[in-house]
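Next up is a structure, given as structure tokens.
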Amino acid sequence: MIKVPIRWEERTVTAIQTSSGQWIIPPEATESMNANKIGLKGPLKTPIAAGHPSMNLLLRKTFDLYANVRPCVSIEGFKTPYSGVDLVTIRENTEGEYSGIEHVIVDGVVQSIKLITEDASRRIAEFAFEYARNNQRSTVTAVHKANIMCHIWKCSQLCVEQHDVDEKAQEAIPMVQDPSQFDVLVMPNLYGDILSDLCAGLIGGLGVTPSGNIGENGVAIFESVHGTAPDIAGLDLANPTALLLSAVMMLRHIELYGHAKKIEAACFETIKDGKVLTKDLGGNSKCSEFTSEICRRVRDHD
Amino acid sequence: MAALRVLRSAVKNVSFARNVISSRTLVTGSFLNSSSPAQFCSTAVQRPDGDFKVTMIPGDGVGPELMHVVKEVFKAAEVPVQFDEHHVSEVQNMASDEKLDEVLDSMKLNKVAIKGKIYTPMEYKGELSSYEMKLRKKLDLFANVVHVNSLPGYSTRHNNLDLVIIREQTEGEYSSLEYESAQGVIECLKIITREKSRRIAKFAFDYATKKGRSKVTAVHKANIMKLGDGLFLQCCKEMAELYPNIKYDSVIIDNCCMQLVSNPYQYDVLVMPNLYGNIIDNLAAGLVGGAGVVPGESFSAEYAVFETGARHPFSQAMGRNIANPTAMLLSSANMLRHLNLEFHSNLISEAVRKVIKLGKIRTPDMGGYSTSAEFTAAVIANLQILKTIAR
């Protein structure tokens, strides 16, 4: 429609098992990613008895996707009890509570290990500040529970030394009372998981929230974080907003700002207008109708 | 070795049950009609002169101010309670193991306490366990109950909310077990045990049964912490089978948070391990108006401690006369109900609710301009009116 200078290379990422028994992403997918560096991904489902770890976890490990970025902006036309939300959650994605290290000490006693390393903490803190700088954001707030888990989150010391930063524990109260006071939030894995979903809930849920995962070697995968919704698959009923906004994030990442702005504006205007909306947004149009409406607006903008 | 451990814990469980039964036989008829499920375990000792003795731990931040409010209101309402004050504070260098022992001795006698938050400093001073946590562990206050209720007359984004959050308070992520396994690598241990998970699950279902609630939802992250939270979930599921009249389901913590901000009405009673409980307590408090309006209580088999639901010392408000006494007053009213002082309990909670409903006198956290003193005076004025009507 808008002639964005992108060529798509489609790859499947269903896990395959190597001869040594290890589960990996198919090599064609890995090669393609490493060559192109940028990816756009839809929802993945791991069947319960698959015998292999979650696909998302596998992708994260393969490309060392250490930062999960979710901008949450209130959408005009899609009303929630919270307005004026404009924040970004940055979550450390590789360690912390999701290290997967658990042991049964004796029968009936389980120990889970939460691992925090200085390197990973420093890396995510630096990323958060760079992101804030590149996107003209003013405050970075580190979210932690260091009053209980003392040693953890040394990067907050790093932050305090370098920049003007608020250190906050107990984020949940101010978040639900006045989310507009937050700008960029940086946090370890578990809090990140909880808070990024909480923020998605503030703006309307996972169906409208974009997300990006940034990796060590310049690799970045943008994705929608909602489920696979098998009950409506193939019926032209899905809401493409989350994936579309993730694609917009992707365009910004590769510095195609003009195109990103046009598509984003078209999408928001369509929702604000309220005439052509998918079912979850309160309308009863089909996915293709919603898409055509957005395309029409994009064309009109040109 | 393992067999011995199992035997030891089995014996402990039996003696726990025996204690419960023996204290029940001391209870009077009126007590059995009381509302709190742990009440049959912890009776306050009534003094010959008719006054109940209650341990008071003011804590830090606005804690002492709020305790002062409670004392004033109790005086105005002529509540037959005497406070046995103990000042424990890490930040004011008034904390030590001896002080903690004094508190424990006081609790052994009185069984009931009202307390503010003992602030946990952020810096690591060589001690991983804070005094607040030590107190909880020594008294074995395993269950923290926060009843999140919308206040009539104070509208927030979600009105008419009625939610109960039950949190396991003695293990999980707050086990204070951390160490530096290599340079720049910290490990923090989260411990989940079958015994404590069963105990909190049973508490939750007992609570739901007693209070006539219909559903208990377990909150977890067992898809990631398969063994730890998996064990917790399994214990909840097993316990659910013993209570066929109560519906049971489970929800993952991140989804739960998302649902709470968009549609909190789908939940009734929530039960969860330590850390998630801390987060959800605070979140839910935010839904109905913040840390200043939600009361909370902690129970063990023998003791009951009344405090605020979302525990913050709120140091920035210290001395400025702006703290909201609602949460602490409602908690003190709950304490009176626990002591079977129904009349005084209703008097105080009605007076507080009336002030909030009228809407003229509100502290800054509720969007008003009044001071704590003005709020307190309004509550006392309402008390006098209600007392005269009662007569």
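The values are calculated or read from the model by the stated rules, or taken from the named source; none is laboratory data. Computed from a predicted model, the values in this text were never measured in an experiment. Note that we place each Cβ from the backbone using ideal geometry, even for glycine, and neighbour counts take in every protein chain shown.
Answer yes if at least one residue in segment B:126-134 is crowded, with 16+ Cβ neighbours inside 10 Å, within 16 Å of residue B:312 (Cα to Cα) and at pLDDT 90 or above, and no otherwise.
no
Follow-up question, since we're still on this one. Working only within segment A:16-46, note down all residues that are assigned to a strand (DSSP E or B), under 22 Å from residue A:212 (Cα atoms) and not aliphatic (A, V, I, L, M). Give the steps one after another, and end with the answer.
First, pick out the residues of segment A:16-46 that are assigned to a strand (DSSP E or B): A:16-17, A:23-24, A:38-41.
Subsequent filtering for residues that are under 22 Å from residue A:212 (Cα atoms) retains A:24, A:38-41.
Result: A:39, A:41.
All but one of (1) in a loop (DSSP other than H, G, I, E, B); (2) within 20 Å of the chain's Cα centre (by Cα) hold for residue A:6; which doesn't?
Against the list (1) in a loop (DSSP other than H, G, I, E, B); (2) within 20 Å of the chain's Cα centre (by Cα), residue A:6 comes up short only on (2).
Could you identify the single residue in B:294, B:305 that is farther than 23 Å from residue B:172 by Cα and in contact with a strand residue (DSSP E or B) (Cβ under 7 Å, 6 or more places away or on another chain)? Walk me through it before giving the result.
On the way: B:305 fails: farther than 23 Å from residue B:172 by Cα.
Only one candidate passes the filter, namely B:294.
Mind checking which residues of segment B:257-267 are within 11 Å of chain A (Cβ to nearest Cβ) and either touching a residue at least 60 places away in the same chain (Cβ under 8 Å) or surrounded by 24 or more Cβ atoms within 10 Å (Cβ to Cβ) (or both)?
Once the filter is applied, which keeps residues that are within 11 Å of chain A (Cβ to nearest Cβ) and either touching a residue at least 60 places away in the same chain (Cβ under 8 Å) or surrounded by 24 or more Cβ atoms within 10 Å (Cβ to Cβ) (or both), segment B:257-267 yields B:257, B:260, B:261, B:264.
While we're here: Could we say that residue B:386 is at pLDDT 95 or above and among the aliphatic types (A, V, I, L, M) here?
no
Per-residue answers, yes or no, for (1) among the aromatic types (Phe, Trp, Tyr); (2) buried (at least 23 other Cβ atoms within 10 Å of the Cβ); (3) modelled with pLDDT under 90:
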position: B:150; (1), (2), (3): no, no, no
position: B:159; (1), (2), (3): no, no, no
position: B:168; (1), (2), (3): no, yes, no
position: B:175; (1), (2), (3): no, no, yes
position: B:186; (1), (2), (3): no, no, yes
position: B:194; (1), (2), (3): no, no, no
position: B:216; (1), (2), (3): no, yes, no
position: B:225; (1), (2), (3): no, yes, yes
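Looking at segment A:68-124, which of its residues are at the interface with chain B (Cβ under 7 Å from one of its Cβ atoms), at pLDDT 85 or above, surrounded by fewer than 24 Cβ atoms within 10 Å (Cβ to Cβ) and part of a strand (DSSP E or B)?
A:102, A:104, A:106, A:109, A:111, A:113 - these are the residues of segment A:68-124 that are at the interface with chain B (Cβ under 7 Å from one of its Cβ atoms), at pLDDT 85 or above, surrounded by fewer than 24 Cβ atoms within 10 Å (Cβ to Cβ) and part of a strand (DSSP E or B).
Also, I was wondering about something else. What are the pairs, 6+ residues apart or on separate chains, where a residue within segment A:222-243 that is under 26 Å from residue A:33 (Cβ atoms) has its Cβ under 8 Å from a residue that is modelled with pLDDT of 85 or more and among the acidic types (Asp, Glu)?
A:243/A:223
Can you find, within segment A:57-67, the residue that is nearest to the other protein chains (Cβ to nearest Cβ) among those that are outside any strand (DSSP E or B) and crowded, with 22+ Cβ neighbours inside 10 Å?
Looking at residues that are outside any strand (DSSP E or B) and crowded, with 22+ Cβ neighbours inside 10 Å, I get A:59.
Looking at (1) surrounded by fewer than 20 Cβ atoms within 10 Å (Cβ to Cβ); (2) outside any loop (DSSP other than H, G, I, E, B); (3) more than 14 Å from chain A (Cβ to nearest Cβ); (4) touching a residue at least 40 places away in the same chain (Cβ under 8 Å), find the lone condition where residue B:138 falls short.
(4)
Looking at B:259, B:316, which is the one that is part of a helix (DSSP H, G or I), closer than 30 Å to residue B:83 by Cα and more than 12 Å from the chain's Cα centre (by Cα)?
So the residue among B:259, B:316 that is part of a helix (DSSP H, G or I), closer than 30 Å to residue B:83 by Cα and more than 12 Å from the chain's Cα centre (by Cα) is B:316.
Looking at B:200, B:192, B:166, can you tell me which residue is within 12 Å of chain A (Cβ to nearest Cβ) and either farther than 30 Å from residue A:203 by Cα or not basic (Lys, Arg) (or both)?
Numbers: B:200 fails: within 12 Å of chain A (Cβ to nearest Cβ); B:166 fails: within 12 Å of chain A (Cβ to nearest Cβ).
Step by step, each of B:200, B:192, B:166 is checked, and only B:192 is within 12 Å of chain A (Cβ to nearest Cβ) and either farther than 30 Å from residue A:203 by Cα or not basic (Lys, Arg) (or both).
Residues are listed down the side, and each one gets a yes or a no for (1) outside any helix (DSSP H, G or I); (2) surrounded by 23 or more Cβ atoms within 10 Å (Cβ to Cβ); (3) in contact with a Cys (Cβ under 6 Å, 6 or more places away or on another chain); (4) among the acidic types (Asp, Glu):
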{"residue": "B:320", "(1), (2), (3), (4)": "yes, no, no, no"}
{"residue": "B:324", "(1), (2), (3), (4)": "yes, yes, no, no"}
{"residue": "B:330", "(1), (2), (3), (4)": "no, yes, no, no"}
{"residue": "B:333", "(1), (2), (3), (4)": "no, yes, no, no"}
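Go through segment B:268-280 and give me each residue that's within 13 Å of residue B:145 (Cβ to Cβ) and more than 8 Å from every other protein chain (Cβ to nearest Cβ).
B:269, B:270, B:271, B:272, B:277
Continuing with the same structure: Quick one: count up the residues across segment A:125-168 that are modelled with pLDDT under 55, more than 14 Å from chain B (Cβ to nearest Cβ) and part of a helix (DSSP H, G or I).
The qualifying residues number 2.
Oh, and also: Could you tell me whether segment B:196-209 includes any residue that is at pLDDT below 90, surrounded by fewer than 21 Cβ atoms within 10 Å (Cβ to Cβ) and β-branched (Val, Ile, Thr)? Quick ask: steps written out before the conclusion?
Applying the first criterion (at pLDDT below 90) to segment B:196-209 yields none.
So far as segment B:196-209 goes, no, none of its residues is at pLDDT below 90, surrounded by fewer than 21 Cβ atoms within 10 Å (Cβ to Cβ) and β-branched (Val, Ile, Thr).
For segment B:296-321, give me each residue that is out of contact with any Pro (no Cβ under 9 Å at 6 or more places or on another chain) and within 14 Å of chain A (Cβ to nearest Cβ).
Of everything in segment B:296-321, those that are out of contact with any Pro (no Cβ under 9 Å at 6 or more places or on another chain) and within 14 Å of chain A (Cβ to nearest Cβ) turn out to be B:296, B:310, B:311, B:312, B:313, B:314, B:315, B:316.
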